[in-house]
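Read through the structure below, which is laid out as structure tokens, and then see the notes.
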Amino acid sequence: MPDLTPSIRTALRSSTLLALVLGFGLAVAPAPPAQAFGAPESFADLAEQISPSVVNITTSALIAAPADGMPMVPEGSPFEDFFDDFNDRGGQGPQRSEALGSGFVISEDGFIVTNNHVIEGADEITIEFFSGKKLPAKLVGTDPKTDIAVLKVEAEQPLPFVTFGNSDLMRVGDWVMAMGNPLGQGFSVSAGIVSARGRELSGSYDDFIQTDAAINRGNSGGPLFNMDGQVIGVNTSILSPTGGSIGIGFSMSSNVVTKVVDQLKEFGETRRGWLGVRIQDVTPDVAEAMGLAEAAGALVTDVPEGPALDAGLVAGDVITRFDGQPVSDAGDLTRRVADAPIGEAVPVIIQREGRTETLQVTLGRREEAEAATLPASAPAPEAPREMETLGLTLAPLDDDMRDRLGLDASTEGLMIMSVDQASEAFTKGLREGDLITEAGQQKVVRLQDLEDKIAEAKAAGRESILLLIRRGGDPRFVALSIE
């Protein structure tokens, strides 16, 4: 079977984790809070019940090779690891390569769920059922953001299938079971427990269940079951220094997958809600600097043109509830907005300058509103007027700086000329070339503006001051101590 590691490694590169191929575990239906159950005497009945719905997936792609015989494939493709195989063959011109993965049937008329990276780049997809029967599959739709794909086969008879369960009911310690095609060995079952919930690896919509059920290369796209035989996750990746299972596997939760699958079946693509804000988590130091009662919600750092701007949201607002549900952090808000209906007004409750407001926001569609990322700013040029405070050397933004950095003529703020590497500012990621546009949620244009805001914060008994930092097109709030 193909080594799918490159796809996972690419997906997790920003997290500095060595993520290899996908794997998955089984999840048990949660026990009543007052009771505790031992390990099942056997998983045999459950395995027998669900096996007919789990499938092996073989994908095939035609790989073009240059004159020297080295195949050319996109970086991160599941076929990338077959370079050596092609070289050993010494062939010239295009050659065909195969890769393996897993999946599961979700309807009697032949819809199948797997991982996007299992079928990405393939021009032929073959489904092998537990009975040994094989059928060609066509691609219905994919969602790279959650690494989910939906396939369809045409069968003469209704197919055995499994249903999705509620992943939110799973608790750490619940039993789970994984099925798939590990290392090309064919249908295989492993069992373990839910090790952690709500894991985020690298995606905006990540909600992974972590399990210690053994999963390896080839398990990608296979189901993670609870003890009722319901799918509560799609096995997606493992963390391993060796490429084999060390008991740290990740499965995308079913409550994320079901929404994606429904949209792919209906439209062939995803249709996610779009609020039109840039946000960050409310950390304890940010909450203290803003005078908030708790470190919860999503802090708005920027409001470009879009639904949020039209509804009146501004940078510095803290979104605490969305469409009637509390917002715990930025990731929570991102997922809630994605699931909300496009074109309909939803209530958004915010905290602004110590008071609560409710705004009505009519959501747009994210796929239509993806904006190009602005280039990061270059190191700031020298300036004659400077001030040192909070571990920073600052200078007012002038026309020469704007020209050098490609900033709009209306852009104002204080440019960071240098950062003391021993300072809290450096630890929190501030760097030369960053622009401070607000302090204490008020605009700063002159050095004196910042000094005044620091003095006001001290007079109010604050231990820190909230700064709005802009680096290229990426704004974020940072709280720095003023003691």
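The values are calculated or read from the model by the stated rules, or taken from the named source; none is laboratory data. A quick note: this is a predicted structure, and the numbers were derived from the prediction, not measured. Glycine also receives a Cβ, built like all others from the backbone with ideal geometry; neighbour counts cover every protein chain displayed.
Points worth noting:
- Members of segment 193-214 found to be more than 13 Å from M252 (Cβ to Cβ) and buried (at least 23 other Cβ atoms within 10 Å of the Cβ), listed by number: V194, A213
- Some residue of segment 322-341 being among the basic types (K, R) and in a strand (DSSP E or B): no
- In segment 329-343, residue surrounded by the fewest Cβ atoms within 10 Å (Cβ to Cβ) [restricted to those that are among the charged types (D, E, K, R) and touching a residue at least 60 places away in the same chain (Cβ under 8 Å)]: D339
- Candidate set: segment 422-461, residues that are more than 18 Å from A479 (Cβ to Cβ) and either under 31 Å from the mean Cα position of the chain (by Cα) or not assigned by TED's automatic domain parsing to the domain that holds R402 (or both); chosen: the one modelled with the lowest pLDDT: G433
- Boolean, A298 is modelled with pLDDT under 90 and on the phi < 0 side of the Ramachandran plot: no
- Evaluation of L313 against (1) without any contact (Cβ under 8 Å) to a residue 60 or more places away in the chain; (2) farther than 18 Å from Q441 by Cβ; (3) among the aliphatic types (A, V, I, L, M) (one fails), failing number: (2)
- Given (1) in contact with a Gly (Cβ under 7 Å, 6 or more places away or on another chain); (2) assigned to a strand (DSSP E or B), number of the condition P304 does not satisfy: (2)
- Yes/no for P326 being farther than 20 Å from I465 by Cβ, surrounded by fewer than 16 Cβ atoms within 10 Å (Cβ to Cβ), within 23 Å of the chain's Cα centre (by Cα) and at pLDDT below 90: no
- Sole exception among (1) in contact with a Leu (Cβ under 6 Å, 6 or more places away or on another chain); (2) surrounded by fewer than 24 Cβ atoms within 10 Å (Cβ to Cβ); (3) closer than 18 Å to I50 by Cβ for V176, by number: (2)
- Filter result (closer than 21 Å to V346 by Cβ and buried (at least 22 other Cβ atoms within 10 Å of the Cβ)) within segment 275-297: L275, G276, V277, I279, V282, G297
- Here segment 246-255 is the region considered, the condition is being surrounded by fewer than 24 Cβ atoms within 10 Å (Cβ to Cβ) and touching a residue at least 12 places away in the same chain (Cβ under 8 Å), and the residue that is farthest from R476 (Cα to Cα) is G247.
- Pick from segment 462-483, criterion over 17 Å from L292 (Cα atoms) and more than 34 Å from the chain's Cα centre (by Cα), ranking: surrounded by the most Cβ atoms within 10 Å (Cβ to Cβ): I482
- So T163, is it farther than 24 Å from E367 by Cβ, β-branched (V, I, T) and loosely packed, with under 14 Cβ neighbours inside 10 Å: yes
- Each residue in segment 79-106 was checked for being in contact with a Pro (Cβ under 9 Å, 6 or more places away or on another chain), surrounded by 13 or more Cβ atoms within 10 Å (Cβ to Cβ), assigned to a loop (DSSP other than H, G, I, E, B) and at pLDDT 50 or above, and 0 of them qualify.
- Residues considered: I238, I232. Of these, the only one that is in the same structural domain as F130 (by TED's automatic domain parsing), crowded, with 24+ Cβ neighbours inside 10 Å and at pLDDT 90 or above is I232.
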